[in-house]
Amino acid sequence: MTRDCHLYLITPPHIPDLDAFRDAFALSLDNDLVECVQLRLKTGDEAAPDDEIIAAVETLLPLAIEREVTFLINDRPDLVVKTGGDGVHIGQSDTPYEKARKMLGDEATIGVTCHNSRHLGLVAGEAGADYVAFGAFYPTETKATSAVAEPDLLRWWNFATTVPSVAIGGVKPDNCAPLVRAGADFLAVSAAVWGHEEGPAAAVAAFDAAIRAA
């Protein structure tokens, strides 16, 4: 079965050894299942210092460019301008979409967190967001969340609009099938990849098999 759903890879919230992580990152992108990466250096509500984020972009962005993978920075359109990334992912309490678009221009990729809200999704889509992210679909420790989403939200979204959807929150190879069948365009994954006992490349391969099977 061919794939209609791809991976949206989110970096770990902290990268203590950037050089070592570079190799694992490169291997994870070698599978063309990964179409988008979000650099998210943030623990709880505390983001990493700007110089740490910039160093990560300088190290990781060339690898994404080589593989034609979209590279986004979480929350910070100003750092996208400074570093040359492809765009930004913004939450409901981050830089407003309109301001981010004005800063980055029409060609940038801008995605918006919409939790489990149809209304927020429609607002973002109508404003011009390149994708909307719904979740959390499963329990997750990667970030604090109070919103719980169900696969039916993805089914409704596919009926209502053509804006791509990203399913986020505790997504793993063994639980992603309902989200794939519901029509998620992307599965946002972090801990399930970086914490995989056989390494991130094996994790991406496991997702690949699970998506094809779904």
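Before moving on, here are some points about what is shown:
- Every residue from segment 1-12 that is at pLDDT below 95 and either of a type outside the set (Lys, Arg) or not in a loop (DSSP other than H, G, I, E, B) (or both): 1, 2, 4
- Residue count for segment 1-26, restricted to those that are surrounded by fewer than 14 Cβ atoms within 10 Å (Cβ to Cβ), touching a residue at least 12 places away in the same chain (Cβ under 8 Å) and among the hydrophobic types (A, V, I, L, M, F, W, C): 1.
- Scanning segment 56-98 for residues that are more than 15 Å from the chain's Cα centre (by Cα), touching a residue at least 12 places away in the same chain (Cβ under 8 Å) and on the phi > 0 side of the Ramachandran plot returns a single hit, 84.
- Test for residue 166: is it out of contact with any helix residue (DSSP H, G or I) (no Cβ under 8 Å at 6 or more places or on another chain) and crowded, with 19+ Cβ neighbours inside 10 Å: yes
- Residue match in segment 171-181 (condition: in a helix (DSSP H, G or I), acidic (Asp, Glu) and free of Cβ contacts under 8 Å to residues at least 40 places away in the same chain): no
- Complete set of residues in segment 29-87 that are more than 24 Å from residue 202 (Cβ to Cβ), of a type in the set (S, T, N, Q) and crowded, with 16+ Cβ neighbours inside 10 Å: 74, 83
- Selection of segment 27-83 for residues being in a loop (DSSP other than H, G, I, E, B) and more than 13 Å from residue 7 (Cβ to Cβ) yields 40, 41, 44, 45, 48, 49, 68, 75, 76.
The values are calculated or read from the model by the stated rules, or taken from the named source; none is laboratory data. Since the model is a prediction, treat every value here as computed from it, not as a measurement. Virtual Cβ from ideal backbone geometry, glycine too; neighbours counted across all protein chains shown.
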